[in-house]
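Written below as C-alpha cells is the structure these notes are about.
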Amino acid sequence: MMLYVVILFLWASICLYLLLGGADFGAGILELFSNKKREKEVSSTMYRAIGPIWEANHMWLIIAIVILFVGFPKIYTTLSVYLHIPLVLMLLGIIARGTAFSFRHYDAIDDQWQKIYSKIYVISSLLTPFFLGMIAAATVSRTMDTEAPDFLQAYLWSWLNPFGLSVGIFTVCICSYLAAIFIVGKSKNDSEQRYFIKKSKRAMIAIVTSGLIVFITAHLSAIPLLNWVLQTFIGRISLSLASISLIFTFFAFKYKKVITLRILAGFQIIMILVAATHNHYPEIILFKNGSSLSLVDDMGSEKTIDTLAWALLIGSVFILPSLFYLIYSFGGSSKKNAE
C-alpha cells in the first residue's frame, strides 16, 4: 500500500513540475520568440506572471529526485550513469536560468550586462526543457544499452537520436503553450491579452505538429508509441479527451475565460502524459536488450518505502498550505503592482 503512495507522489511531482515549471520555462521561450517591439512589454508581463510560482517550481523536481534516490536507488543510479550528460546539461540550464533571471531584475546597475543576463535567461529557458524531453524519451525508447561496447553507444546515442530530438522539441512546445495560457490572465490591457492569445494558439498548433513528428520518429525508430496510446481503453480515451478539449479551448479564447483556459491546458497535458506512459507502467526504464526497471520490482526495502511514504504524507501537510499561501501572496501583490 505504501509503495503506491510513494509512486503517486512521484507521478504528481513530475506532473506538477511539467505544468508549473513548464509555464516558468515557457515564459523565457515566449520572450525569446517575441516581437522585438514588444520585448520589454513581454518581459515585464512575464516577470509579473511567473512571480508566484518561479521560486517554488523546482521543489517538485527535488521531490522527484529524492523519491528516486531513497525509494528506488537502482533506477536513480541507472539514470545518473547512462543519462549523465543530458542531466548535467539540464541542471546547468536550471542554474544559469535562475541566476540570470535574478541578476537582470535585481542588479543595481543597468548596463550592457542586462542584455547578457537576458540572453542567458531565454536560451537556458529553451534548452532546459529540451534536454528534459530528451531524457524522458531515452527512458522509454529502448535505446539505453547496458551492454554497449563503447562510450558513444552507452552515453550518447541513447538520448541523442531523432526520437529524443522530437520529444525535446515537443516538450519545448508544451512549455510555450502553458506559459502563454497562464500569462493571458496576467495581461495589463486588451491589446496585450490579444497578443498572448495569438501566442497561445500558435503554441497549440506547434504542440499538435510536433506531436505528429514524435509519432513519425517513433515509428521510424521502431518504438511502438502509437500502439501504447491506442491499444488500450485508457490510452484511447485520454487522447480523445485531450483532442476534444481543444475545441473548448477555442471557445475559452473567444470569450476570454482565463480560469477555464488554465484548467483546460493543465488537463490536456495530463491526458497526454497518461496516454503516453500508462501502457508500460510500472516499468519506468526500458533497455535495448528487452529488460526493464520497474517501480514495483526494483524498489528499495519495504521499511525504506514505508518511512518515505509517511515522510511525504506528513511533509505535504506543511508544504502544500505554504505553497498555496505563497501563490496567493505573490498573486495579490502582482495585481496591486499592475494597478
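The values are calculated or read from the model by the stated rules, or taken from the named source; none is laboratory data. Here the structure is a predicted model, which means the values were calculated and not measured. Note that each Cβ is placed from the backbone with ideal geometry, even for glycine, and that neighbours are counted across all protein chains shown. Only protein heavy atoms, including side chains, enter the accessible area calculation; ligands, DNA and RNA are left aside. Shrake-Rupley method; radii C 1.70, N 1.55, O 1.52, S 1.80 Å.
For Asp297, the solvent-accessible surface with a 1.4 Å probe is about 130 Å², rounded to the nearest 10. Relative to the longest principal axis of the Cα atoms of the chain, the long axis of helix 39-54 makes an angle of roughly 50 degrees.
Normalised by the empirical 2.2 N^0.38 Å for globular proteins, what value does the Cα Rg of segment 161-248 take?
Details: Rg = 15.5 Å, N = 88, 2.2 N^0.38 = 12.1 Å.
Relative to the rule-of-thumb radius for its length, segment 161-248 sits at 1.28.
Counting 0.36 nm for each residue step from Phe233 to Leu89 and taking away their Cα separation leaves a gain of 48.1 nm. Around the amide H of Ser292, modelled in the peptide plane, lie the amide H atoms of Phe287, all under 5 Å away and 5 or more residues distant in sequence or on another chain. Using a simple spin-label model with pseudo-atoms 7 Å out from Cα toward Cβ, Ile109 and Leu156 lie 4.1 nm apart. Note on segment 1-120: Cα convex hull, mean projected area over all directions, 8.9 nm². Relative protection proxy for 13-20, 244-251, 221-228, from highest mean packing down: 13-20, 221-228, 244-251 (other beta-carbon atoms within 10 angstrom). Once both labels are positioned 7 Å from their Cα atoms along Cα-to-Cβ, the gap between Asp306 and Lys37 label points is 6.7 nm. For the chain, averaging the sequence separation of C-alpha pairs within contact (under 8 Å, six or more residues apart) and dividing by the residue count gives a relative contact order of 24 percent. Computed over the chain with a Gaussian network model linking Cα atoms closer than 10 Å, the most mobile of Leu87, Leu312, Leu68 is Leu312. How high is the relative contact order of segment 197-339, in percent, counting Cα pairs under 8 Å that sit 6 or more residues apart? Once normalised by length, the contact order is 17 percent. For Ile62, the accessible area of its heavy atoms, probed at 1.4 Å with every protein chain present, is near 100 square angstrom. Between the C-alpha center of segment 106-159 and that of segment 246-317 there is a gap of 22 Å.
Under 5 Å between amide hydrogens, built in the peptide plane, is the criterion, and for Glu283 it picks out Leu295 among residues at least 5 positions away or on other chains. With protein chains left intact and a 1.4 Å probe, residues in the chain average 51 Å² of accessible area per residue.
Calculated from the alpha-carbon coordinates, the chain shows an Rg and a Dmax of 20.3, 63 Å respectively.
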